[in-house]
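The values are calculated or read from the model by the stated rules, or taken from the named source; none is laboratory data. All values derive from a computational prediction rather than experimental measurement. Glycine also receives a Cβ, built like all others from the backbone with ideal geometry; neighbour counts cover every protein chain displayed.
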Amino acid sequence: SGHFFRQTRTATEWERISSGGRFVMSTNKAQNLFSLEIRDVRVEDTATYYCKARYWYYTHSDRPRLPVAQKLSLEVITETN
């Protein structure tokens, strides 16, 4: 299973993101892919986003970064290992 969290520059703890409203999470278990879509992206969505995947034998956390700016278009930056 996978969960998404975010941490803003001023926050000391991670905030767990729940699916619903502007945040849409999807899972492709066959390919072990977890996706987070943020609809109607806002400046206040700027944060470091984490995907935490849990398998029966280990837990893995990755932290792709998505800086958000007020623009007519949004460039998505993905960090992969």
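Which of the residues belonging to the stretch 29-42 are loosely packed, with under 10 Cβ neighbours inside 10 Å and either assigned to a strand (DSSP E or B) or at negative phi (or both)? If the condition is that a residue be loosely packed, with under 10 Cβ neighbours inside 10 Å and either assigned to a strand (DSSP E or B) or at negative phi (or both), then Lys29, Ala30, Gln31, Arg39 are the ones that fit. For Arg65, are the conditions met, namely being at pLDDT 80 or above and exposed (fewer than 13 other Cβ atoms within 10 Å of the Cβ)? Spelling it out, it is not the case that Arg65 is at pLDDT 80 or above and exposed (fewer than 13 other Cβ atoms within 10 Å of the Cβ). Tallying residues that are closer than 13 Å to Lys52 by Cα and either in contact (Cβ under 8 Å) with a residue 40 or more places away in the chain or among the β-branched types (Val, Ile, Thr) (or both) within the stretch 3-22 yields 5. Look at Thr48 and say whether it is at pLDDT 80 or above and touching a Gly at 6+ places or on another chain (Cβ under 8 Å). Taking the combined requirement at face value, the residue does not satisfy it. Looking at the structure I just gave you, is Asn81 at negative phi, more than 12 Å from the chain's Cα centre (by Cα) and at pLDDT below 60? Answer is yes for this residue. Of all residues in the stretch 4-14, none satisfies being in contact with an Asp or Glu (Cβ under 6 Å, 6 or more places away or on another chain), modelled with pLDDT under 85 and part of a strand (DSSP E or B).
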